[in-house]
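Asks: Have a look at this one.
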Amino acid sequence: MPNIYGAMNTAKVALMAHQLSLEVTGQNIANVNNADYTKQEVQLEAAFPIRAGGSPGLVGTGVRATAIVRRFDQFLEGQRTLNKSNTGYWDARQDFMARLEVVFNESGTNGLNGLFDNFFKSWQDLASNAKGLTERTDVVAQGRNLSNMFNKVNQDVKNLRVDLNTKITSSITEINRITGEIANLNAVIHEAEAQNVHANDFRDKRESLVRELSSYVQVNTVEDPTNKEITLSLNNGRALVIGQTAFTLSARQRSDDGLASDIFWRDTSGQEFNITSEFSNGSMGSWIDMRDTDMTSYLDKLDQLSATLIRDINNIHSSGYGLDGSTGQDFFTGFNMVTTANRNNTGTGTITGSIVAPDTLNVHKFQIEFTAPGSYDIRDVTTGSVVATEAYGGGPQVSSYLLGQGMQVTINGAPAANDKFIVNPAADASLNMAVHSAVVTDSNKIAAGLTTNQGDGDNALLLAQLQNSMTMNQATPGASGTATFAQFYNSIVGEAGVASKQAMSAFTQQEGINVEIERRREQVGGVSLDEESMNLIKFQHAYQAAARMVNVVDELLQTLLGMGA
């Protein structure tokens, strides 16, 4: 039955409710500059009323706080997480593509374009004075300058690959840390919310970690409605976190690529799986794409350019005569044929190779793809086309098609279906390119003439004319190409420049999207000092009024006690 003590209880619960509201307001103000914090508020509702004897109706018994909740929008949080992945991808890409653009910087005369001009001009000068020591010395010097620049550009691009690989391997440690913390928070949130308590601050921390993880790799998030634990998985469904279990990642250097490491995922039984190709978006996806696709492509093109230059210069030079009457002398060295078995092969097949006809060598990269144990396709990696299909009856067997391309490639063992092998006659040509030591030692061996006549400069003239010959992008050796050496190199430089600008533009666009998403998120769950200041005054007044009510009820009690006396 309501009485004066009921009034005192109503005042007491009002004091408690408004004190709690003041405490939560203080927590909001304390975290006004915390980007990961979501505004909290106390949910109040009227306490259960009772029927009073003689009263015309139900009488309230005060107020009660039912929960402390966040102003949280799940859709906006999903947008924040996705945008973290997109921004992470383009931020990483614009950084490294800008660095690549610097590698191919052609400002001034010290780039490859200027060195091409100097090199071919030295042959033109020698053609005019075949016996000149100064001209011969200059040919050697310009050849060495050109070779050294090819070496440098190759090494610079490889250094970028090394840096990318370091980013990938070092980030695995961070990913493992993040997933481990998320699994621990799953346990904490599960325990707290099992007792009907909103684990607001723990949820903020968990969502912050998910966004941090998303900056590395795009993940899908699903929360269990029963235990409140989340599952995080890659786009193909591979789990990184399931409830209170985090799956560990590790890096392992590739057997066929000393500059790259693969990423392995370990299940609960300890079995490991290569998941490198499963990383999409985020900085990890970007680094892997650049390391395995972009940088490899640029290196292949550099090698193709230098190998074609070496082949064509040597073909003409070796057919001419030096001042000492020598012939058959190469001007450049640098060919280093490499054959590699794919690290994922399941058969026991092996492959070896050597260059047997350097003058007609096709410098494209090829891939042998076994469609069945007894048959394989030969794909020109440079053009992407399948150029031949050959039967395999057991080794040792020499590929007849590749033999016609100037190389002897021998397959042995028992390859399985889907096994692949790379044949690269131009491997690291741009790194190994150098003027032949015999020419460096004795410039009289420079074959300027088509005859032994010491004044003959016709061969040097043929070499000078290579500058404007369409030698690049030949379908087959000796066929007419579509670009000169300089034009081909300029296409590489242009491609790198376009890629850099596209990455910068995409990153800027993502930053703009991020600003808009954060603005909308602030409207919903951000802390406004103006709003919290108003709440402070509101809850303070309510608290003071409840305290005043306590004083009034106390005075009434004193009156009642006085009447009893």
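Asks: For the stretch 100-128, how many residues are surrounded by fewer than 16 Cβ atoms within 10 Å (Cβ to Cβ), more than 17 Å from LEU309 (Cα to Cα) and in contact (Cβ under 8 Å) with a residue 40 or more places away in the chain?
Replies: The qualifying residues number 2.
Asks: Kindly indicate whether LEU529 is modelled with pLDDT under 90 and either farther than 30 Å from HIS364 by Cα or loosely packed, with under 12 Cβ neighbours inside 10 Å (or both).
Replies: When the stated conditions are applied, LEU529 does not pass them.
Asks: Now a separate question. Just name the residue that is nearest to SER354 (Cα to Cα) out of those in the stretch 408-418 that are surrounded by fewer than 23 Cβ atoms within 10 Å (Cβ to Cβ) and in contact with a strand residue (DSSP E or B) (Cβ under 8 Å, 6 or more places away or on another chain).
Replies: The residue in question is GLN408.
Asks: Now for a different question. Quick check on ILE288: is it closer than 30 Å to HIS436 by Cα and either outside any strand (DSSP E or B) or of a type in the set (Phe, Trp, Tyr) (or both)?
Replies: In short, no.
Asks: Aliphatic (A, V, I, L, M), under 18 Å from TYR216 (Cα atoms) and in contact with a helix residue (DSSP H, G or I) (Cβ under 6 Å, 6 or more places away or on another chain): is that true of ILE172 in this structure?
Replies: Spelling it out, it is not the case that ILE172 is aliphatic (A, V, I, L, M), under 18 Å from TYR216 (Cα atoms) and in contact with a helix residue (DSSP H, G or I) (Cβ under 6 Å, 6 or more places away or on another chain).
Asks: Looking at the stretch 498-519, which of the residues that are in contact with a helix residue (DSSP H, G or I) (Cβ under 6 Å, 6 or more places away or on another chain) and of a type outside the set (Val, Ile, Thr) is nearest to GLN79 (Cα to Cα)?
Replies: Residue satisfying both the conditions and the ranking: ASN514.
Asks: Next question. For the stretch 468-475, state whether one or more residues are of a type in the set (A, V, I, L, M, F, W, C), at pLDDT 95 or above and more than 33 Å from the chain's Cα centre (by Cα).
Replies: no
Asks: Further, regarding this structure: Going by the structure shown, is ASN342 surrounded by 24 or more Cβ atoms within 10 Å (Cβ to Cβ), within 35 Å of the chain's Cα centre (by Cα), at pLDDT below 95 and outside the structural domain of LEU160 (by TED's automatic domain parsing)?
Replies: no
Asks: While we're looking at this one, here's another question. Tell me which of these LEU536 doesn't satisfy, since it passes every other one: (1) under 20 Å from ASP73 (Cβ atoms); (2) outside the structural domain of GLN79 (by TED's automatic domain parsing).
Replies: So the condition that LEU536 fails would be (1).
Asks: Checking the structure you have, find out if any residue of the stretch 106-114 is assigned by TED's automatic domain parsing to the domain that holds THR484 and either at pLDDT 95 or above or closer than 30 Å to GLU511 by Cα (or both).
Replies: No - not one qualifying residue is present in the stretch 106-114.
The values are calculated or read from the model by the stated rules, or taken from the named source; none is laboratory data. This one's a predicted model, so the numbers in the text were calculated from it and none came from an experiment. Methodologically, a virtual Cβ is constructed for each residue, glycine included, from the backbone with ideal geometry; neighbour enumeration extends over all protein chains shown.
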